[in-house]
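Before any comments, here is the structure.
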Amino acid sequence: MVAKEIRNFNIIPRIALLSYSNFGSSNSPEARLMAEARKIVKQKMPLLIVDGEMQASVAFNNELMKENYPFSELVDKDVNTLIFPNLAAGNIAYNLLKELGTADAIGPILLGLKKPVHILQLGSSVRSIVNMALIAVVDAQIKSQVATDEIVKRSRWWKRFRKANKRRKI
């Protein structure tokens, strides 16, 4: 679902599955969870650029990745999507990035719903509101059964606009 959502914005997803270990350096259940997730994703979508489990520092440091993990699909690629092992880790990282201002943290984005429903965090900035509104509009357009042009043409606003333009031409 994440890859599809990213493609909706004409971005090629490059996904890092995050953990506290790198490519099997730990055999704990938490690390194995992310490695198993990658296997499942690759079985279903073999062309998707996704790798892990890996630490966030490896995901964003291409030299470190190239030197220590040259087999990774993400070598020489800029990661644009992070998958966290659980909600707590994701929420902590999201809030850290948002507060430090080092990245444009967009979200949370709700996926898998039939209707275009999205939420804003308490105290959202104007930029966050605009970003979420854009996501909601794209989501609504994709989920709509009727083409956007048809919706616009049926709207009262459009009818008044057309009527006003006809008067001006006369």
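Just a few scattered comments:
- When GLY101, GLY112 are checked against the criterion of being in the same structural domain as ALA56 (by TED's automatic domain parsing) and on the phi > 0 side of the Ramachandran plot, GLY101 stands alone in meeting it.
- Tabulated pairs, region 1-21, first free of Cβ contacts under 8 Å to residues at least 40 places away in the same chain, second assigned to a strand (DSSP E or B) and not small (Gly, Ala, Ser), C-beta under 7 angstrom, 6+ apart or interchain: SER21/GLU53
- Scanning region 38-67 for residues that are touching a residue at least 40 places away in the same chain (Cβ under 8 Å) and under 18 Å from ALA88 (Cα atoms) yields a single hit, ALA56.
- Test result for LEU96, of a type in the set (A, V, I, L, M, F, W, C), surrounded by fewer than 18 Cβ atoms within 10 Å (Cβ to Cβ) and either over 19 Å from the mean Cα position of the chain (by Cα) or in the same structural domain as SER128 (by TED's automatic domain parsing) (or both): no
Here is a yes/no grid of residues against (1) of a type outside the set (Gly, Ala, Ser); (2) within 23 Å of GLU5 (Cβ to Cβ):
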| residue | (1), (2) |
| --- | --- |
| PHE60 | yes, yes |
| ASP76 | yes, no |
| PRO85 | yes, yes |
| ALA93 | no, yes |
| ASP104 | yes, yes |
| ILE119 | yes, yes |
| TRP157 | yes, no |
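The values are calculated or read from the model by the stated rules, or taken from the named source; none is laboratory data. Only a predicted model underlies this, so the values are computations on that prediction, with no experimental measurement involved. Neighbour counts run over all protein chains shown; Cβ positions are idealised from the backbone, glycine included.
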